[in-house]
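Chemist: Take this structure first; my questions come after.
The values are calculated or read from the model by the stated rules, or taken from the named source; none is laboratory data. Because the structure is a prediction, the values reported are computed rather than measured. Positions of Cβ are backbone-derived with ideal geometry, glycine not excepted, and every protein chain shown enters the neighbour counts. Accessible surface areas use protein heavy atoms only, side chains included; no ligands, DNA or RNA. Shrake-Rupley method; radii C 1.70, N 1.55, O 1.52, S 1.80 Å.
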Amino acid sequence: MSRWIEVSLRADGESAEAIADVLARYGHQGVSIEQVGIPPDAWDETEVPPPQQLMLRAYFPHDDQLETTKQELEAALGYMRLMYPMPSPDYRALDAQDWAEAWKAHYQPIRIGKRLLIRPLWIDLTLAAGDIEIALDPGMAFGTGTHPTTQLCLEALERLLDPAQDVLDLGSGSGILAIAAAKLGARKALALDIDPIAVEATAANAKANGVSGKVIAEQGSLDIVLGSARRFDLAVVNILARIILQLAEQRLGEIVRPGGTVICSGIIDTQLVEVEEALRRSGLQPYARRQQGDWVLVEAKRPED
């Protein structure tokens, strides 16, 4: 049976974001952040007092890279201790089934942007007027809404998406961005991922959210789009910077129609210049940056013909 390692540590509100960024570089599905001492029935944001102590958790596979991963993580946290006092992380081994349940126990509802509410499928929550709910079970696919790169994308979709646009979610993971696009008014959203588990998760989550008719989940990557006649008004690419660089060399700019927009996230601020130069070579013009911690999102347009 597959085994996982849970790494957890407490932090105050000032250091939590920086620590979460470090954990996210090694964790699967992002990082869970739990306010210590707040019962589940007080998750409504109007009732929760400012955090004094936060518990951060991440999970990574128990594989041949385990010791290397732990050493790299410890080194990164060691540098952070020069700026923030913090305890040493705790490690716990979990079987695959236990890991899935442990992740669910710490995955809480989260509000993003002005209207979006990400709710785990196994939690009931009363919606406020104007809420756009995305009910999600990521399973083994990446994309829970807890990671800054995903949050930046969700905020960008809420800000940029016009009704009846065609949207591409390239590297869709759990399908959270494609589903958000559909709920924000997209005509169609194509969710592409090379991982069949992600395709299954997207299809299941689209059905749970009542947008199966709008969200198309397929296995594949950029070449699938370029080899077809499909082009989009808006594309969101929430992957790693090194993958964005590869996609840019493979004509990423051609996936949107003239005048269309590409949203790229998963970029560390030190990688920004290189990514923007690659986007320009692919025929896109970067015009805006959004940042959360060390993570940066780039908005780029394909010029009108």
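Chemist: In the calculated pair distance distribution of region 179-222, what percentage of Cα-Cα distances lie above 15 Å?
Modeler: 34 percent
Chemist: Report the FRET efficiency, 1/(1 + (r/R0)^6), for MET55 and SER228, where r is their Cβ-Cβ distance and R0 is 51 Å, rounded to 0.05.
Modeler: 0.65
Chemist: Additional query: Residue by residue through region 115-129, which ³J(HN,Hα) values in whole Hz follow from phi under the Karplus form 6.51 cos²θ - 1.76 cosθ + 1.60 (θ = phi - 60°), with glycine and proline marked x?
Modeler: For region 115-129, the Karplus curve yields 10, 7, 10, 8, 10, x, 4, 8, 10, 8, 8, 7, 7, 8, 4 Hz.
Chemist: Report the antiparallel proportion of the DSSP beta bridges in region 154-305 as a percent, rounded to a multiple of 5.
Modeler: Of the beta bridges lying entirely in region 154-305, close to 40 percent run antiparallel.
Chemist: Give a residue-ordered list of calculated ³J(HN,Hα) values for region 55-62 (Karplus: 6.51 cos²θ - 1.76 cosθ + 1.60, θ = phi - 60°; whole Hz; x for Gly, Pro).
Modeler: 3J(HN,Hα) across region 55-62, in whole Hz: 9, 9, 9, 9, 10, 9, x, 8.
Chemist: Please compute, for the alpha-carbon atoms of region 228-305, the extent along each of the three principal axes and give them in descending order in Å.
Modeler: Each principal axis gives a Cα extent; for region 228-305 these are 36, 21, 18 Å.
Chemist: Which whole-number percent gives the relative contact order of region 174-262, counting Cα pairs below 8 Å spaced six or more residues apart?
Modeler: 26 percent
Chemist: At a Förster distance of 30 Å, what's the computed FRET efficiency of LEU160 paired with THR126, Cβ-Cβ distance as r, to 0.05? Intermediate values should be presented prior to the final figure.
Modeler: Values: r = 29 Å, r/R0 = 0.96.
After rounding to 0.05, the efficiency reads 0.55.
Chemist: Ranking request for peptides 166-175, 242-251: highest mean number of other beta-carbon atoms within 10 Å first, then the rest in descending order. List each step's numbers first, then the result.
Modeler: Working: 166-175: 28.0, 242-251: 17.8.
Final packing ranking: 166-175, 242-251.
Chemist: Which value, in Å² and to the nearest 10, is the accessible area of ARG115 when all protein chains are kept and the probe is 1.4 Å?
Modeler: ARG115 exposes around 100 Å² with every protein chain in place.
Chemist: If you don't mind, another one. What is the local net charge at GLN219, summed over the other residues whose Cβ is closer than 10 Å to its Cβ (Lys, Arg +1; Asp, Glu -1)?
Modeler: Neighbourhood net charge equals -4.
Chemist: Report, by chain and number, residues whose modeled amide H sits under 5 Å from the one on LEU116, excluding near sequence neighbours (fewer than 5 apart, same chain).
Modeler: ILE132
Chemist: If you count, for each residue, the other Cβ atoms within 10 Å and average over each peptide, how do 77-90, 183-196, 116-129 line up from highest to lowest?
Modeler: 183-196, 116-129, 77-90
Chemist: How many angstrom lie between the C-alpha centres of region 237-305 and region 175-229?
Modeler: If we compute the Cα centre of each part, the gap is 20 Å.
Chemist: Give me the percent relative contact order of region 147-304, please, defined on Cα pairs under 8 angstrom at least 6 residues apart.
Modeler: Normalised by residue count, the contact order of region 147-304 is 22 percent.
Chemist: Quick check: residue separation of ARG111 and GLU274 times 0.36 nm, minus the Cα distance between them. What number comes out in nm?
Modeler: Length difference between fully extended and current span is 55.5 nm.
Chemist: Further question: Under 20 °C and 1.002 mPa s, how fast does region 154-250 diffuse according to Stokes-Einstein, given a Kirkwood radius computed over C-alpha pairs? Answer in µm²/s, whole number.
Modeler: 163 µm²/s
Chemist: While we're on this one: Output the Kirkwood hydrodynamic radius of region 172-305, Cα pairs only, in Å rounded to one decimal.
Modeler: Evaluated on region 172-305, it is 15.1 Å.
Chemist: On to the next question. Pull up the cross-link candidates among the lysines for LYS301, meaning alpha carbon to alpha carbon under 25 Å and not fewer than 8 places away within one chain.
Modeler: Within the straight-line cut-off, LYS301 pairs with LYS114, LYS183, LYS188, LYS214.
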